[in-house]
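Each remark here refers to the structure printed beneath this line.
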Amino acid sequence: MHYELADVVSRPKSAFDLIAHKGIVVGFDAVFHNTPERGEHISTLREFANGKRVSIIKRHPHPAQRHAILRRIRQQLAAPRGHDVFGYNCEHSVSRVLGLPAQSEQLRTWLAFAAIATLAMAASRA
């Protein structure tokens, strides 16, 4: 697969592909991402993949977008943030360098699922 600068990439994090790890391509064989072990950093594509298939989930073909994203990544790496599954995970890092509010759609989905499951269990006991 051919990756371009500023492509958002993803690979399965869990055995059943229920959670994905995300990053941004920053050069040939280099990905910016946020992990529990190292926080925000750049690693090789192979390290990012961790033995799993990497997919492109968003391309950034316009050069101005690519330059802005790479500039924000450089800024982030000047003072990299650590990983916090609830407060600042890989999706937070990616959305922030894309110029969006730091957010995690997967976390929101899992929290909503947990809330619904809790309500359903409470209702079944009533």
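The figures follow:
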quantity	calculated
Gain on full stretching of the segment that runs from F86 to R59 - 0.36 nm per residue minus C-alpha separation	7.1 nm
Ratio of the Cα radius of gyration of the range 32-110 to 2.2 N^0.38 Å, where N counts its residues	1.10
Gain in span if fully extended, L18 to M121, counting 0.36 nm per residue against the direct Cα distance	34.9 nm
In Å, descending, principal axis extents of the Cα set of the range 16-72	36, 22, 19
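A short reminder: the numbers here are calculations on the coordinates, not readings from a lab. All figures in this text were calculated on a predicted structure; none of them were measured in a lab.
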